[in-house]
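The values are calculated or read from the model by the stated rules, or taken from the named source; none is laboratory data. Everything numeric here is computed off the predicted structure, so don't read it as measured data. Heads up, the Cβs are rebuilt from the backbone with ideal geometry, glycines too, and the neighbour counts pull from every protein chain shown. Heavy atoms of the whole protein, side chains included, go into the accessibility calculation; ligands, DNA and RNA do not. Shrake-Rupley method; radii C 1.70, N 1.55, O 1.52, S 1.80 Å.
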Amino acid sequence: MEVQLLGTAAAAGWPNPWCRCASCTWMRVNGDVRGQTSALVDGRLLIDCGPEAPRAAERLGRSLVDVRHLLFTHAHPDHAGPAALMWRGWVPTEQPIDVAGPPAVLDECRRWVDPTAPVSWHELQVGDVIELGPYRVRALAAAHGGPAIGPALLYDVTGPDGARLLWATDTAALPERTLDAVTDAAYDAVFLEQTNGDDTDTDTDHLDLQSWPRQIAELRQRNAVTGTTQLVPVHLGHGNPPPPQLRTRMSAWGAHVPDEGELIVVGPQAEAKMRAPRRILVTGGARCGKSWWAESLVADQPEVLYVATARPRPDDVEWQQRVDAHRRQRPSTWRTVETQDVAKAVAGEPVVLLECATLWLAAALDEPDVDARLDELVATLSQHRGTVVVVTNEVGSGVVPPTESGRRFRDALGTLNARLARACDEVWLVTAGIPRRLA
Ligand SMILES: [Zn+2]
Ligand SMILES: [Zn+2]
């Protein structure tokens, strides 16, 4: 299947026409103007048709002329622009068209269509399966909608070539019954909305940059997303950082942030993007966001082993509170071990987050054969066959520590960081909350 994205933005577009925020300004200055999300599949199946979709198609050198099946997710105005059906009535055509979707959308559309027009109406509910020409479409529950429009639907679409995609906009965290329904679907592509970006405390029925990877983790756990599934965020709003930064952020989860109007080839013929085992070092100063970024790098993974290398400090209440607060923020499916014996903890684990090399070193320096411990840590990392993210601190840029032990620690950490970096496939520096890949 070929999915032509006619738009990639949320209802207001990106930039929002009324907004002067940094994200909207970047979009304006760089001429990256995005419209309401909709997809033209093989030129024949149109998924959602908001008011902007017909012109977006024309600007991309496509059109709705060959569309035979119109599939609506819900009646919100950025997804349903029923006037397009009236314009179809102004053109002499005997070609029938299917119009499918939740009842509220069909009610809207019927008012714009002559009763004698060649339109087949298909009211869809959760669980319905329908053949639209060569496409097999199954309706799934969304966490989206309202009293006025009823519940929104998501779609599981299988094409004539056997390719299979999940179209998931609009929705908040996927309902349990939807997760059940997609178990073992092993989609070729998942188009999952990510509206709110870093506005994670907005109480909307949409996803954001925190909840999005967790949904992917849920889908991975159920084999709906596999190592070769193309992951495409759509329905992007201005809570997101500008696309270059958003690409960096979402690439951590194997996701591809599309350009406006991008054509995405879905199916086994698309190049497999298996993620190889990765060793990743994340460094940065105090409170720079390095822990956040390290956690983000594995946030799409269903099972993560978190290795805390700090020595327990039973008498330090403030320390304990900070540790507990951190732990509460991590997904409940993650396991935590507190240990300095990193080699043993990491062995055989598919995904590990180790925090942090600095505290591990502080403990190791007290031991008789420090060098052997250091060698062991580096060897553990270079030999590991899964994903390991190691957090460390960037020290040595400031004043020279006044004490001998301080200088020894600074030098030892600098040396260790350089050795870890050489053993890793990726090295990231986080400064002021912005991750940058160094190697
Ligand atoms: Zn929407
Ligand atoms: Zn909506």
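Numbers at a glance
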{"quantity": "Answer from G237, G267 - the residue that is within 16 Å of ligand 1 (Cβ to nearest atom) and either open to solvent by less than 60 Å² (accessible area, probe 1.4 Å) or within 23 Å of V41 (Cβ to Cβ) (or both)", "calculated": "G237"}
{"quantity": "In the range 203-215, residue farthest from ligand 1 (Cβ to nearest atom) [restricted to those that are open to solvent by 20 Å² or more (accessible area, probe 1.4 Å) and either of a type in the set (A, V, I, L, M) or not in a loop (DSSP other than H, G, I, E, B) (or both)]", "calculated": "R214"}
{"quantity": "All positions within the range 220-245 that are in contact with a strand residue (DSSP E or B) (Cβ under 8 Å, 6 or more places away or on another chain) and under 21 Å from T204 (Cβ atoms)", "calculated": "V232, P233, V234, H235, L236, G237, H238, N240"}
{"quantity": "Qualifying residue in the range 74-81 (condition: at pLDDT 95 or above and touching a Phe, Trp or Tyr at 6+ places or on another chain (Cβ under 6 Å))", "calculated": "yes"}
{"quantity": "Answer residue from the range 160-171, given it is open to solvent by less than 10 Å² (accessible area, probe 1.4 Å) and among the small types (G, A, S) and is farthest from ligand 1 (Cβ to nearest atom) among those", "calculated": "A163"}
{"quantity": "Of residues in the range 23-50 being hydrophobic (A, V, I, L, M, F, W, C), more than 28 Å from G101 (Cα to Cα) and in contact (Cβ under 8 Å) with a residue 60 or more places away in the chain, the one farthest from ligand 2 (Cβ to nearest atom)", "calculated": "W26"}
{"quantity": "Single match in C24, C109 (criterion: closer than 20 Å to T204 by Cβ and away from ligand 1 (no atom under 14 Å from the Cβ))", "calculated": "C24"}
{"quantity": "Which numbered condition A11 misses (of (1) in a loop (DSSP other than H, G, I, E, B); (2) more than 13 Å from ligand 1 (Cβ to nearest atom))", "calculated": "(2)"}
{"quantity": "Verdict on G35 being within 16 Å of ligand 1 (Cβ to nearest atom) and open to solvent by less than 50 Å² (accessible area, probe 1.4 Å)", "calculated": "yes"}
{"quantity": "Scope the range 298-330; condition open to solvent by less than 40 Å² (accessible area, probe 1.4 Å), over 20 Å from G254 (Cβ atoms) and in contact (Cβ under 8 Å) with a residue 40 or more places away in the chain; matching residues", "calculated": "Y306, V307, A308, T309, A310"}
{"quantity": "Qualifying residues in the range 30-63 (those that are part of a strand (DSSP E or B) and polar (S, T, N, Q)) - the one farthest from N16 (Cα to Cα)", "calculated": "S38"}
{"quantity": "Among (1) assigned to a strand (DSSP E or B); (2) touching a residue at least 60 places away in the same chain (Cβ under 8 Å), the one test that L70 misses", "calculated": "(2)"}
{"quantity": "When residues of the range 175-202 are limited to those that are open to solvent by 10 Å² or more (accessible area, probe 1.4 Å) and within 16 Å of ligand 1 (Cβ to nearest atom), the one farthest from P242 (Cα to Cα)", "calculated": "T202"}
{"quantity": "Residues that are more than 21 Å from Q221 (Cα to Cα) and buried (at least 17 other Cβ atoms within 10 Å of the Cβ), drawn from the range 347-361", "calculated": "L354, E355, C356, A357, T358, L359, W360, L361"}
{"quantity": "Pick from the range 62-111, criterion open to solvent by 70 Å² or more (accessible area, probe 1.4 Å) and under 26 Å from R34 (Cβ atoms), ranking: nearest to ligand 2 (Cβ to nearest atom)", "calculated": "P77"}
{"quantity": "The lone exception for D199 - which of (1) in contact (Cβ under 8 Å) with a residue 40 or more places away in the chain; (2) within 15 Å of ligand 2 (Cβ to nearest atom); (3) part of a loop (DSSP other than H, G, I, E, B) it fails", "calculated": "(2)"}
{"quantity": "Selection status of W121, part of a strand (DSSP E or B), more than 16 Å from ligand 2 (Cβ to nearest atom) and touching a helix residue (DSSP H, G or I) at 6+ places or on another chain (Cβ under 7 Å)", "calculated": "yes"}
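A quick yes/no check of all residues on (1) hydrophobic (A, V, I, L, M, F, W, C); (2) more than 16 Å from ligand 2 (Cβ to nearest atom); (3) closer than 18 Å to L154 by Cα:
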residue: D184; (1), (2), (3): no, yes, yes
residue: A189; (1), (2), (3): yes, yes, yes
residue: Q194; (1), (2), (3): no, no, yes
residue: D208; (1), (2), (3): no, no, yes
residue: W212; (1), (2), (3): yes, yes, yes
residue: I216; (1), (2), (3): yes, yes, yes
residue: T228; (1), (2), (3): no, yes, no
residue: G237; (1), (2), (3): no, no, no
